[in-house]
Each structure stands twice: as C-alpha cells, then as structure tokens.
Amino acid sequence: MVDGLRVEVDGAVATLTLDRPEALNALTVPVKVALRETLEGIAADRSVRVVILTGAGRAFCAGQDLAEREGPDAAPLETELRERFNPIIRAVRSMGQPVIAAVNGVAAGAGASLAFACDLRVAAAEARFVLAFGRIGLIPDSGATWFLPRLIGASRAAELALVGDPVAADEALRIGLVHRVVPGDALGSEARALADRLAASAPVALAMTKAALEHAWEMDLEASLSEEARLQGVAGRSADHAEGLTAFREKRPPRFTGE
Ligand code: T3D
C-alpha cells in the first residue's frame, strides 16, 4: 500500500480512495503506480465484483501533481502519459468489473479524464469538472479527447476541451456527463447502493456488457449484431443464466456465482 491511495474491500465491493487531500488528490508517480497495480490486481480477483473510485476531502482528483512535474526527476510528459497515466485508463476500461466514479468534488485535468473513463459517474452536488489542461498550455489527455465526444457529443466536447470552463454538477447531469447528482453527504451511500446492485448481477454478463458497449463504437450495426449474438451465446451457456431462469421461476432473487 502507498500513501495517497486507500483500498478497502467490503464484501464484493472495492473502494479506492485517492487520499492526498492537501493537494486535492493530485497524482504523483507512487500513487499512479499503486492505482494501476491495484486495478490490475482487482481485475484478476473474482471475489471483487464492483469498484468505486473516489477522493478524500473536497476533491476527486486534480490530475497530475504539478509540484512533482516541476521537480528534477519528472519524466518527459509523453513518457509519463505512455508509461503511467495511459495504463491506468486501460486498466479501468479492460477490467471486467464495472467501475463507479463517486465524484465527491473537483475533478481536474487527468483527474477528470479518470472519471470519464469509469463506467458510471455519480456526483456530489459540489462536484465540478475542469478541463484544466489548456490553462497550463497542454492538451486534454488520459483519454479525455476519446471519452468526451462519446459521453456528451462532439459539440459539447469541443466546448469543454477548447474553452475549458468548469462544468458544475447540475450541468454535468444535464449534458449526460454524470448520470446522477446527490447531496455530498449522501454520495458514499448512493455509490455503495449502486455498487451493491451491480454486485448482485451476473458478473460474466456484466463484463461482457461492458466489453460490448466499448467495442460497439468501432463497429457498424452488422458487426455489432453479430458480436452481441456471439456474447449472448456465451452468456446463455453460463450457470448464472440457468440460475437466473430458476430464480425467475421460483420468484426469488437470483444468486449469481460468476460461473
Ligand atoms: O506528467 C504530466 O504532467 C502529464 C500529464 C498531465 C495530465 C494532467 O493532469 S495536466 C493538468 C494538471 N492539473 C491541473 O492543472 C489542475 C491544477 N489545479 C487547479 O486548477 C485548481 O487547483 C482546481 C481547479 C483543481 C481547484 O481550485 P481551487 O481554487 O478549489 O483550489 P486551489 O486553491 O487551487 O488548490 C488547493 C491546494 O491544492 C493548493 O495548495 P495550497 O496552496 O493550499 O498549498 C494547490 O496548489 C493544490 N493543488 C491543486 N491542484 C494541484 C495541486 N497541487 C499539485 N498539483 C495539482 N494538480
């Protein structure tokens, strides 16, 4: 474990808390490495079915730690992105478990990108998204230019990326950047309730749904129909599907095992 990242596993839910509140949870090299390794470990751990990613204090994450970037040991920007930021984004996207961003406060720079990479975003009323890159002469990175048009459409993505005005939580909800906004003191319980619902779902079907949604962006309708049929064939042969049918017949909640 590393200072700056808290990992708590409770039942089937892992909560990862970026925990450097004095720097708005800005990402240092050790935190980035720990975050990637933790995500990769969870991806291989079938006992964890859902991940919640959140921040300690008043921020979700302020992106790259700018004090570290100005230090003598800072890697070139391109290297830092290729070797440390991008693998985190890939880990979130490639893991079978759904990842919920519980956006408790400001999400800026790569911190915003990290929230965009998650499967679901629940925000506190005081959350805001800041594409802070332009202010320091950089471009949106860590997947921001890929996720934004897909999440909110090309026009709004261009406005956010080029103009860079902060997006408050209610506006984020209106444009579809987050799917729910709740009072700050209810964020933890809302995110956990959502995680518990997902944890009760069939894990293999969830993982395949995540993959299908992801790959659909690169496919035409024909390819997508074919891929759905293929994946459904796999899901249909699972013990979880059989359990789902039995539970329906017996009028009880299903008990999915991931088989
Ligand atoms: O390696 C690479 O660089 C490549 C990758 C780049 C990806 C990126 O993420 S580039 C973008 C980096 N992030 C930013 O540019 C955001 C910088 N922060 C801000 O713009 C603002 O702090 C916020 C909009 C996030 C919040 O504003 P506000 O007014 O609520 O808070 P504040 O007063 O600015 O910040 C509070 C403290 O957090 C302050 O420290 P102090 O003065 O109380 O000791 C501030 O310096 C610190 N802080 C905020 N962001 C960062 C940070 N410290 C280090 N790094 C930060 N990114």
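So here's what we get for this one:
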| item | result |
| --- | --- |
| Share of carbon and sulfur in the accessible heavy-atom surface of the chain [1.4 Å probe, %] | 56 percent |
| Under-5 Å amide H pairs with LEU5, H placed in peptide plane, nonlocal only | ASP19 |
| C-alpha center-to-center spacing [segment 188-227, segment 23-86] in angstrom | 24 Å |
| Contact order relative to length of segment 1-68, as percent, for alpha carbon pairs under 8 angstrom and 6 or more apart | 43 percent |
| Label point distance in nm, ASP45-ALA158, each placed 7 Å from Cα along Cα→Cβ | 4.4 nm |
| For the chain, built as a Gaussian network whose Cα springs stay under 10 Å, the top-fluctuating residue of GLY137, GLY111, GLY244 | GLY137 |
| At R0 = 22 Å, FRET efficiency that the Cβ-Cβ distance of ARG58 and GLU78 yields, to 0.05 | 0.10 |
| Dipole moment magnitude, nearest 20 debye, segment 5-199 about Cα centre, only Lys, Arg, Asp, Glu C-beta charged | 520 debye |
| Local net charge near ILE52, Cβ-Cβ under 12 Å (Lys/Arg +1, Asp/Glu -1) | -1 |
| Selected from MET219, MET95, MET208 as most flexible by GNM, with the chain as the system and alpha-carbon contacts under 10 Å | MET219 |
| Nearest-10 value in Å² for the accessible area of VAL167, using the 1.4 Å probe | 10 Å² |
| Farthest toward positive dipole pole in the chain [+1 Lys/Arg, -1 Asp/Glu at C-beta], among SER94, GLY143, PHE248 | PHE248 |
| Relative contact order of segment 71-130, defined on C-alpha pairs under 8 angstrom at six or more residues apart (%) | 34 percent |
| Sites matching chymotrypsin sites (Phe, Trp or Tyr not before Pro) across segment 157-256 that sit in DSSP coil, with at most 13 neighbouring C-beta atoms within 10 Å | TRP217 |
| Extension reserve of the PHE248-ILE136 stretch, reckoned as 0.36 nm per residue once the Cα distance is removed | 34.8 nm |
| Three-way shape label, segment 195-259, alpha-carbon gyration tensor, a/c 1.5 | prolate |
| Simple Cβ-charge dipole of segment 1-82, Lys/Arg +1 and Asp/Glu -1, about Cα centre, in debye nearest 20 | 320 debye |
| Residue-normalised accessible area of segment 203-250, given per residue in Å² at a 1.4 Å probe | 67 Å² |
| Relative contact order of segment 5-199, defined on C-alpha pairs under 8 angstrom at six or more residues apart (%) | 21 percent |
| Gyration tensor verdict on segment 57-173 (Cα atoms; rounded if a/c is under 1.5, prolate if a/b is larger than b/c, oblate otherwise) | rounded |
| Residue-level accessible surface for SER224, protein heavy atoms, 1.4 Å, Å² | 20 Å² |
| Positive dipole terminus of the chain, leading residue within THR209, VAL51, GLY153 (C-beta point charges) | THR209 |
| Calculated [θ] (222 nm, deg cm²/dmol) that DSSP helices of n ≥ 4 give over the chain, each run adding -39,500 (n - 2.57) | -13500 deg cm²/dmol |
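The values are calculated or read from the model by the stated rules, or taken from the named source; none is laboratory data. All figures in this text were calculated on a predicted structure; none of them were measured in a lab. Quick reminder, even Gly has a Cβ in these numbers, built from the backbone with ideal geometry, and neighbours come from all protein chains shown. For accessibility, only protein heavy atoms count, side chains too; no ligands or nucleic acids. Shrake-Rupley method; radii C 1.70, N 1.55, O 1.52, S 1.80 Å.
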